[in-house]
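**Student:** Below is one structure. I have some questions about it.
The values are calculated or read from the model by the stated rules, or taken from the named source; none is laboratory data. For clarity, every value in this text was computed on a predicted model and none was experimentally measured. No Cβ is skipped: glycine too gets one built from the backbone with ideal geometry, and neighbour counts run over all protein chains shown. Protein only, heavy atoms only, side chains kept; ligands, DNA and RNA dropped before computing areas. Shrake-Rupley method; radii C 1.70, N 1.55, O 1.52, S 1.80 Å.
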Amino acid sequence: MAPMTAPSPSELTKSDFGDDFTWGVAHASYQVEGAWDADGKGPSIWDTFTHKPRKIKDGSTGDEACDFYHRYPEDTALVKELGFEAQRFSISWPRVLPTGTGQVNQKGLDFYSRVVDECLAAGVEPWITIYHWDLPEALSQKGGWANRDVIGWFEEFVGVISERLGDRVKDWMVFNEPCSFIQGGYLSGVHAPGVRSFAKMLAASHHVNLCQAVGARVLRANVADSNVGTTHILTPMRTNRDSERHRRAAAAIDAFANRIFIEPNFGLGYPTEDAPLMQRVERYVQGDDMRDIVVDWDFFGVQYYTRVLVKPVPIPLLRGIPWISKDHKNYEITAMGWEVQPDGLYESLQRVHAYGKVDRLLVTENGVAVPDHLVGDRVRDPRRTAFYQDHLAEVLRAKRDGVPVEGYFCWSLMDNFEWAAGYVPRFGLTYVDYPTQRRVVKDSGRWFQQFLGAA
Ligand code: IFM
């Protein structure tokens, strides 16, 4: 069947997506919770990283963030008010296990139990991400994701969380975007823990891939009727020249950014053919790893923000791995400097579907940062509304072309701490006035409220 063209974005209706489609919002512990040292929480790598000078663009930290730790009832009510039926949040590992293993911090665990109860009482499904980047500092001191012992540490963490929350939470994602926290944390060093090492990046990649399988196994053992998936950012790679050199550059960066974190769990091994340097990952592969790494996901979470244009530029740190450039001339640019290319979402969904390894896909993050201004009690953000409409049209096109997409989560419910970029980029459907912590629903949030039939 020939692919359909995207439906007209402004004419979309909720019913186009079907009754079983899950509509949700997403956020993550370090980006929203604040309370960085409250009630027995241990430090995470992001606490350490942000407390160092010059790591974050605006010099900020997540110490207070959106104060979700105290405001989760109000924020959960907002999820409901806007018409979403699911709230995706993550667990801060050191809030629950302050030094990463051993002694459990009951107050930390109780907090997540209260968030779950709050969701259920509001009629909002809690969707939990086990790990969204805030490793306990104590474990980082021992090498973090680059130390193979992380497999046992992670197994313990997933066990503690799932035993406590698995009676009420059925929908789980093991990781959020391994590519981002491994490449950012161990290769470029722009994210915590700020390491720059090709070898450690490879070791950490393999360990995370093994932890995907360990996490899925523990969740399935502890949670009756579990729905277990994971999430990956998909970044389609483009070239602007039809040369063999450009094609090989795009294939190599695609292998490092996308395939290295997806294909081992699908039982396809590491994509070393397109990226010969990746063969060095074999140094970290032991015994039955490549058998144990395989996961039969209940669902696969696609996260999509932009596509990139690849240029074959050798960078010494990356030892010849081609890196990327942008083609800003032709596209609208977001506050993150990313090009707006909705059809890249269609392409990413099709790509995952084409592996033939997962029966159900969800878009577990998609959204945009644009410069927002609070004027009185209103934030007019037509560019964000248009972004969502255009991307939803691509989701629907994929669905109509046979991709089993079953849900869509906006990034994000509210403005929050955007990692190395601090608080300047605002991704929320809700504006956060950080000095007062007041929430103001933006026009895009009101659009969703209407679209979802909650206005
Ligand atoms: O804010 C992040 C999120 O933590 C992971 N996915 C991308 C978002 C926007 O950069």
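**Student:** Using a 10 Å cut-off on Cβ atoms, rank the peptides 113-119, 52-58 from the highest mean neighbour count down.
**Tutor:** Per-residue Cβ counts within 10 Å, averaged per peptide and sorted highest first, yield 113-119, 52-58.
**Student:** Tell me, Kirkwood radius of segment 377-455 from alpha-carbon pair distances, in Å?
**Tutor:** Hydrodynamic radius (Kirkwood, Cα pairs) of segment 377-455 is 13.9 Å.
**Student:** What aspartates and glutamates does LYS142 reach when the alpha-carbon gap must be under 17 Å and sequence neighbours fewer than 8 apart in one chain are set aside?
**Tutor:** Correct list for LYS142: ASP47, ASP134, GLU155, GLU156.
**Student:** May I pose another question? For the chain, what proportion of DSSP beta bridges, expressed in % and rounded to the nearest 5, is antiparallel?
**Tutor:** Within the chain, antiparallel bridges account for around 25 percent of the total.
**Student:** A follow-up question, please. Restricting to DSSP H runs of at least four residues, report the calculated mean residue ellipticity at 222 nm for the chain, -39500 (n - 2.57) per run over all residues, nearest 500 deg cm²/dmol.
**Tutor:** Value at 222 nm, helices only, nearest 500: -10000 deg cm²/dmol.
**Student:** Still on this structure, I have one more. What is the extension gain from LYS52 to GLN450, computed as 0.36 nm multiplied by their sequence separation minus the C-alpha to C-alpha distance, in nm to one decimal?
**Tutor:** The span from LYS52 to GLN450 would gain 138.9 nm if fully extended.
**Student:** Still on this structure, please answer the following. Can you give the accessible area of TRP153 in Å² (nearest 10), computed on protein heavy atoms with a 1.4 Å probe?
**Tutor:** The accessible area of TRP153 comes to roughly 30 Å².
**Student:** Quick one: compute a quarter of the convex hull surface over the Cα atoms of segment 87-194 and quote it in nm².
**Tutor:** 6.6 nm²
**Student:** Segment 58-120 to segment 235-264: how many Å between their Cα centroids?
**Tutor:** Centre-to-centre (Cα) distance: 36 Å.
**Student:** Provide the per residue accessible area, probe 1.4 Å, for the chain, rounded to a whole number of square angstrom.
**Tutor:** 38 Å²
**Student:** FRET efficiency for GLN286 and LEU120, Cβ-Cβ distance as r, R0 = 45 Å, nearest 0.05?
**Tutor:** Efficiency, rounded to the nearest 0.05: 0.60.
**Student:** Determine the dipole magnitude for the chain: charges of +1 sit on the beta-carbon of Lys and Arg, -1 on that of Asp and Glu, nothing else is charged, the reference point is the Cα centre, and the result goes in debye to the nearest 20.
**Tutor:** 1420 debye
**Student:** Further question: Arrange the residues ARG168, ARG446, ARG248 by how much accessible surface each exposes, largest first, with a 1.4 angstrom probe.
**Tutor:** Per-residue accessible area, sorted high to low, gives ARG248, ARG446, ARG168.
**Student:** Another question, if that's okay. Sorting LYS399, LYS41, LYS142 by accessible area (1.4 Å probe), largest first, what list results?
**Tutor:** So, going from the largest accessible area down, we get LYS142, LYS399, LYS41.
**Student:** Could you give me the radius of gyration and the Dmax of the chain, taking only the C-alpha atoms into account and expressing both in angstrom?
**Tutor:** Radius of gyration, then largest Cα-Cα span, for the chain: 20.7, 62 Å.
**Student:** Kindly flag which residue pairs out of LYS52/LYS442; LYS80/LYS399; LYS57/LYS200; LYS200/LYS399 have an alpha-carbon separation exceeding 31 Å in this structure.
**Tutor:** LYS52/LYS442; LYS200/LYS399
**Student:** Still on this model: Label-point separation (nm) for VAL294 and GLN141, each offset 7 Å from Cα along Cα-to-Cβ?
**Tutor:** So the label points at VAL294 and GLN141 sit 4.1 nm apart.
**Student:** To the nearest 10 square angstrom, what accessible area does ASP16 show with a 1.4 Å probe?
**Tutor:** Rounded to the nearest 10, that gives 50 Å².
**Student:** Then there is this: Please check which bits of segment 381-406 a label hung off ASP20 would reach, taking the label as a point 7 Å along Cα-to-C-beta and the cut-off as backbone N under 18 Å.
**Tutor:** So the set is 396-406.
**Student:** If you don't mind, another one. Quick one: order HIS70, HIS353 from most to least accessible surface, probe 1.4 Å.
**Tutor:** Accessible-area ranking of HIS70, HIS353, largest first: HIS70, HIS353.
**Student:** So how do 23-29, 81-87, 181-187 stack up, highest first, on mean other-Cβ count within 10 Å?
**Tutor:** Those peptides, ordered most packed to least, come out 23-29, 181-187, 81-87.
**Student:** Rounded to the nearest 0.05, what FRET efficiency is calculated for ALA221 and SER8 with R0 set to 51 Å and r the Cβ-Cβ distance?
**Tutor:** 0.65
**Student:** For the chain, return all DSSP H helices satisfying: extent of Cα atoms along own axis at least 20 Å; mean Kyte-Doolittle hydropathy at least -0.5.
**Tutor:** What comes out of the filter, once short or polar helices are dropped, is 106-122, 150-165, 198-222.
**Student:** While we're here: With a 1.4 Å probe and every protein chain kept in, tell me what percent of the accessible surface of the chain is carbon plus sulfur.
**Tutor:** Roughly 49 percent, rounded to a whole number.
**Student:** ALA38 label point, 7 Å along Cα→Cβ, cut-off 18 Å on backbone N: hits in segment 413-446?
**Tutor:** 414-417, 432-439
**Student:** With unit charges on the beta carbon (Lys/Arg positive, Asp/Glu negative), name the residue among PHE84, PHE111, ALA35 whose Cα is farthest towards the positive pole of the charge dipole of the chain.
**Tutor:** ALA35
**Student:** Choose one of VAL358, ALA252, MET414: the residue whose Cα lies farthest towards the positive end of the charge dipole of the chain (beta-carbon charges +1 Lys, Arg; -1 Asp, Glu; about the Cα centre).
**Tutor:** Of VAL358, ALA252, MET414, it is ALA252.
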